[in-house]
Structures are given as C-alpha cells and as structure tokens.
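Chemist: Mind looking over this structure? Questions follow.
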C-alpha cells in the first residue's frame, strides 16, 4: 500500500509539471531560426521536395548515422542474447501448416509488398516516406512470411551481406561528401538535377536506399530471432 | 477536425488504460497497438505524413508482432518441453 | 493544437503510472511504449502551426513561399527516427525478459531480488 501511494505521489508530481507546461504553452505562429532557414534555402541548396527527408539525410545526416548505429547495436544485442546454444530448433513438436488460402495469398502478395516498400524509399525525396518507412514495410513483408510458414528461415548470408554492404556504403558516401563537396554526408557529390524528378536531389535517394535496405534487413533479423528463440 | 481529434484522443486514453489493466496479455498488446494506430491518424491531422507512415508501419505493425513473440516465449508450456 | 498536447501528457502519465504499479515485466515494457507514443505526440504538436500544410514543397507556390505555408519540419525529423529506435529498444528489453524468464520461470519483477542492491 505504501508503495502504491509513493507511485501516486510521483505521478501527481508529473501532473503538476505537465499542468504548468500546458497552461503556459503558446502555440507557434511562425517558423523561427533553423526551421526557417531549412525551409527557405532547401529547394535551391539541396533540391529535395520533401524537407523532412532533406533534414534527416543531409542537414542532420550525422544524427541519422548515429540512429542507424543504435538500431544496429540493438539488433546485434537481440541476436547475441537469443543465440541458440547448440540446440536444434523446433525439436519435439510438429507445427500445423497454414491453410491453402493463407499460403497462396502470402505467396501472391509478398512480392508486391516488398515492391511497395522499395517504391517508398526510392521516392523518399519527392513525397512522404523514405528509408525508415520503406524499410519497415519490407520488414512487414518478411513478418508476413514468418507468420504464414512456421518453419520459414531467411537466407542469413544474403541478409547479412545486404546489411553490411548498405551500412558500409552509407559511410563511404558520407566520406565522399568530404572529398568532393562541402562536408560529411553532403548530397551534392551527384548533380542536383531537375527539381521534382526522380533522379534529382543529388545523393539523397542513394543514401535513403542504403538506409532502407539496412533498416529492413535489421528489423527482419530482430523478428526472426525473436520468433525462433529457444 | 477538433471533434475528430477529441474522439481519437479519448479512444487512445481508453485503449492505454486497457493496455495497462487487462489481465490477458495478448489483449493488452492489441490495445497498445490501437493507441499507436490512432496516434498515426492524429499525426496525419497535424500535417506530418512522414511520421504517420512510420508510426502505422512500425508502432502498430512490427511492434505488436515483437510483443506477441515475446509473450509466446514466456509461457509455461513453451518452456517445459525445451 | 493544445488538445493534442493534453492527450500526449495524459498518455505519458498513464505510461508512468503503469510503469510504477505493474508487476508483470511485459506490462512494464508496454507502459514504456505508451509513454513514448505520448512524448512523440507532444513533440509533433509543438511543431504544428494552425492552417498550414505538410513540409513537402511540391508546387511552385510552396517552393517560393514555403516559409509562410508549411509546419515546422525539424520536430518531424526527430520523431521519425525516434520511433524506429523505440521499437528496437523495446525488442532488446523483451529479449532480456525472455532470458530472465528462462532462469526463474516468472514474469513478476519482485521475484528477481538478486538484482536488487
């Protein structure tokens, strides 16, 4: 009981803080400072239609590299903690196969879902979406496969190679930015092209494709490790 | 728009309480997925389509699957025949 | 959008309450996920400006006068990556829970007294 009342006190303290913040808050009416600079200079400077993409990939590119590293470390941690200690998986129990409808539907839909994910991250600089969203959609297609076929296992060498190559290429493109353009992860190592076309905005689509592949394979790896754990 | 936000917000608060107080863990995880799904609609209303896509794909989809796999592995009968 | 700010604060409070009172470790991770969603709603609501559109400059008017027509893109960029990191960290926490469960066959946090100092 005393534990519960302490919890209640803590939460009431937060209520007090949040209430102060809520009543003193003034809604924004105009863009200020760095946001104003980003929105006004971005079309001529970087040539990406989607300002959020330009910020994630170029202006705050180093942050994104850090975020991808955190994701990589978390995926590695999951794999390390759940590694099988010389035991064969699924021993002793037979899994019931899925119904015919589910299997046919999955086989039919999975390529299209993966294609949609790739579409999202290739068009990241033109419309809403990008590497993180597209990667998540690709991982959802993998989840679909895992749910339908109980014994399904990905080809680990392929997944690992895709992940490593895209991660390394991301850093290499960043270093090329130092050598050929203004700084680390500068997108102007490739010509900016015509505003609003698919081949525009310099290296932004290239970087977002690498991010998409990396995020997709990492999330798929986390899902598979959690599924087959024993 | 305001009415829709209030409706979604009350739905989210109810679903969050359900996620915390439901005895059945699978039902609680699905309730948390509903919180994420409604949040993605609110992001769309707040003119943030990028965030809405991420939340719908990851928060409502993958995160729910990860929780359900974890629940599957922490049940008695799963581990006894290990 | 003050309403969304309020909803975000309430979700965070529900998450903290669940984290402090629940004994089941999976429920604690769920509470953290709910508090996370609330925080992300707050950050997006702070960047919102009434009557403006998304920061995608896909027309000439938006390209020239974007500063007067779009919402703040910086909070959106922050939340975008935070969601992805959030799910990875949740997966790591659940992995620890699975390993702990295999040691003691219990999900109750108060059974793990050996880790108390």
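Chemist: If packing is taken as the average number of other Cβ atoms within 10 Å across a peptide's residues, how do A:133-144, A:57-68 rank, most packed first? Intermediate values should be presented prior to the final figure.
Modeler: Values: A:133-144: 25.2, A:57-68: 20.3.
Result, highest mean first: A:133-144, A:57-68.
Chemist: Which whole-angstrom value gives the distance between the alpha carbon centres of the stretch A:20-51 and the stretch C:47-61?
Modeler: If you average the Cα positions of each part, the centres end up 10 Å apart.
Chemist: Take peptides C:69-75, A:203-209, C:47-53 and line them up by average Cβ neighbours within 10 Å, highest first, as a rough protection proxy. The partial results should precede the final answer.
Modeler: Numbers: C:69-75: 23.0, A:203-209: 24.7, C:47-53: 15.7.
Most protected by this proxy first, the peptides run A:203-209, C:69-75, C:47-53.
Chemist: State, as an integer percentage, the relative contact order of chain C based on alpha-carbon contacts under 8 Å between residues 6 or more apart.
Modeler: Working: 112 pairs, mean separation 32.3, N = 117.
For chain C, the relative contact order is 28 percent.
Chemist: Taking every pair of distinct Cα atoms and averaging 1/r, then inverting, what Kirkwood hydrodynamic radius in Å comes out for the protein assembly as shown?
Modeler: Roughly 22.8 Å, rounded to one decimal.
Chemist: Would you mind telling me which residue in A:97, A:191, A:43 has the biggest mean-square fluctuation in a Gaussian network model of chain A, where springs connect alpha carbons within a distance under 10 angstrom?
Modeler: Highest fluctuation among the options: A:97.
Chemist: Something else now. Which shape class, rounded, prolate or oblate, goes with the stretch A:99-185 when its Cα gyration tensor gives a ≥ b ≥ c as root eigenvalues, a/c under 1.5 marks rounded, and past that a/b bigger than b/c marks prolate?
Modeler: On the way: a/c = 4.53, a/b = 1.99, b/c = 2.27.
Oblate, because a/c is 1.5 or more while a/b does not exceed b/c.
Chemist: Convex hull volume of the Cα atoms in the stretch B:2-80, per residue, in Å³? Don't skip to the end; give the middle numbers.
Modeler: On the way: hull volume 5.0 nm³, N = 79.
In the stretch B:2-80, the Cα convex hull volume per residue is 63 Å³.
Chemist: Along the Cα-to-Cβ line of residue A:14, 7 Å from the Cα, sits a label point; which residues in the stretch B:39-56 have backbone N less than 18 Å from it?
Modeler: none
Chemist: Under the definition of partner shielding as Cβ atoms of other protein chains within 10 Å of a residue Cβ, what is the mean value for peptide A:193-202? Please report the intermediate quantities before stating the final value.
Modeler: Details: counts 0, 0, 4, 4, 0, 0, 0, 0, 0, 0.
Neighbouring Cβ atoms belonging to other protein chains average 1 per residue here.
Chemist: Take peptide A:216-223, look around each residue's Cβ out to 10 angstrom, count Cβ atoms belonging to other protein chains, and average those counts. Write down the numbers at each step before the final one.
Modeler: On the way: counts 0, 0, 2, 8, 1, 0, 11, 5.
Per-residue shielding by partner chains comes out at 3.
Chemist: Just need the relative contact order of chain B here, percent rounded to a whole number, with Cα pairs under 8 Å and 6+ apart.
Modeler: Contact order relative to length: 25 percent.
Chemist: Express the relative contact order of chain A as a whole percentage, based on alpha carbon pairs under 8 Å and six or more residues apart in sequence.
Modeler: On the way: 267 pairs, mean separation 63.1, N = 230.
It rounds to 27 percent for chain A.
Chemist: Something else now. Average projected area of the Cα convex hull of chain A, in nm²?
Modeler: On the way: hull surface 79.6 nm².
Averaging across all directions leaves 19.9 nm² for the Cα convex hull.
Chemist: Okay, moving on. On average, how many beta carbons from a partner chain sit within 10 Å of the beta carbon of a residue in B:34-42?
Modeler: The per-residue average across the peptide is 4.
Chemist: Something else now. I need the peptides A:149-157, A:70-78 ranked by packing, meaning the mean over residues of other C-beta atoms within 10 angstrom, with the highest value on top. Walk me through the intermediate numbers first.
Modeler: Numbers: A:149-157: 12.0, A:70-78: 18.8.
Per-residue mean Cβ counts within 10 Å order the peptides as A:70-78, A:149-157.
Chemist: Ok, one more. Could you tell me how far the Cα centroid of the stretch B:1-80 sits from the Cα centroid of the stretch A:153-193, in Å?
Modeler: The distance from the Cα centre of the stretch A:153-193 to that of the stretch B:1-80 comes to 33 Å.
Chemist: Taking the Cα atoms of chain C, report the difference between the largest and smallest coordinate on each principal axis, in whole Å and largest first.
Modeler: Its Cα atoms span 63, 25, 21 Å along the three principal axes.
Quick note: the coordinates plus some simple rules give every number you see, no bench work behind them. Computed from a predicted model, the values in this text were never measured in an experiment. Note: ideal-geometry Cβ built from the backbone for every residue, glycine included; neighbour counts use all protein chains shown.
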